[in-house]
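S.K.: Before we start, here is the structure in question, set down as structure tokens.
Please treat every number below as a calculation from the coordinates, not as lab data. Source: prediction; values computed, not measured. Glycine gets a Cβ as well: all are built from the backbone with ideal geometry, and neighbour counts include every protein chain shown.
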């Protein structure tokens, strides 16, 4: 019997594969027939060199506090300050308020009053101190010969009403304080009256409450170094709820009148 060579075995195996329907050779790994063929040496030589693309710089948005300080410093008149504050979008209060409340009275008046924030009536009319507390404020200052029609200028710490007339937060006060100090600088009053604890603690940056702060003179320095004489007193809304405190407010008004005469 003739011995079967390796060649004969391979031919027999190939014949069996053909009889089983195998009509092409198989590779160890599948072939991606839809993919483009790899470039040859000539294509590699013609390909331009690639350089890594530079990352796209992110736009740096300054914090709202920095933006309010920058806008305040850039205003050189009260009208410019009003426009800057009206266009300031760094506070969510503008979304819930009806009107922007800037000021009332006579710019350049000898006495400037700073309250806390607009109430419901102030929000409707767009002016500070026009509700019940504003009417009491007018009567109080009329008793020492001052009125918003002639020699008073009035504004608030916040230009927008907080929802539900809630007390302004420390963050809200700090956000608008650069505008307030610039407002004082541009209005240039001889005396500054801070109505209520929020206004007094915010402008004076004091830890004491209005009970300890009122009844005596303080000083505040604004951006250009100008020093203003400051008198904290009760807010008229507090006096409406606590009429007995009106005697303290009257004492504060007499102190203001004496200093106005002596100045």
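S.K.: Ranked by Cβ crowding within 10 angstrom, fewest neighbours first, how are 140, 260, 112 ordered? Can you show the working numbers first?
M.R.: Values: 140 20, 260 16, 112 26.
The fewest-first ordering by Cβ neighbours comes to 260, 140, 112.
S.K.: Next question. Nearest 5 percent is fine: what portion of the DSSP beta bridges confined to region 66-262 is antiparallel? Please report the intermediate quantities before stating the final value.
M.R.: Values: 6 of 20 bridges.
Given both bridge residues lie in region 66-262, the antiparallel proportion sits at roughly 30 percent.
S.K.: Can you give the FRET efficiency to the nearest 0.05 for residue 132 and residue 221, using r as the Cβ-Cβ distance and R₀ = 41 Å? Each step should come with its number before you reach the end.
M.R.: Details: r = 34 Å, r/R0 = 0.84.
Taking R0 as 41 Å, the efficiency between residue 132 and residue 221 is 0.75.
S.K.: How large is the direction-averaged shadow of the alpha-carbon convex hull of region 83-190, in nm²? Don't jump to the answer; show the numbers that get you there.
M.R.: Values: hull surface 26.1 nm².
If I average the Cα hull's projected area over directions, I get 6.5 nm².
S.K.: Give me the orientation-averaged projected area of the Cα convex hull of region 66-262, in nm², one decimal.
M.R.: On the way: hull surface 40.3 nm².
Orientation-averaged projected area of the Cα hull: 10.1 nm².
S.K.: Once you put a point 7 Å from the Cα of residue 86 and another 7 Å from the Cα of residue 188, both along the Cβ direction, what distance in nm separates them?
M.R.: It works out to 2.4 nm between the two label points.
S.K.: Right, here's the next one. Arranged from highest to lowest average of other beta-carbon atoms within 10 Å per residue, in what order do the peptides 228-238, 77-87, 193-203 appear?
M.R.: Numbers: 228-238: 22.5, 77-87: 15.5, 193-203: 25.3.
Peptide ranking by packing, descending: 193-203, 228-238, 77-87.
S.K.: Here's a follow-up. Spin-label point model (7 Å from Cα, Cβ direction): what's the residue 206 to residue 76 distance in nm?
M.R.: Going from the residue 206 label point to the residue 76 one covers 3.6 nm.
S.K.: Next up: To the nearest 0.05, what FRET efficiency results for residue 95 and residue 258 with a Förster distance of 51 Å applied to their C-beta separation?
M.R.: Details: r = 45 Å, r/R0 = 0.87.
About 0.70, to the nearest 0.05.
S.K.: Follow-up. Fewest Cβ neighbours within 10 Å first, please rank 220, 111 accordingly. Spell out each step's value before the answer.
M.R.: On the way: 220 17, 111 22.
So the ranking, lowest neighbour count to highest, is 220, 111.
S.K.: With bins 5 Å wide starting at 0, give me the P(r) of region 188-247 over every alpha carbon pair, in whole percents.
M.R.: 4, 19, 28, 23, 15, 7, 3, 1
S.K.: First obtain the Kirkwood hydrodynamic radius of region 143-236 from its Cα pairs, then insert it into the Stokes-Einstein equation at 25 °C and 0.890 mPa s, and state the resulting D in µm² per second as a whole number. Present the calculation step by step, with values, prior to reporting the outcome.
M.R.: Numbers: Rh = 14.0 Å.
Translational D for this selection: 175 µm²/s.
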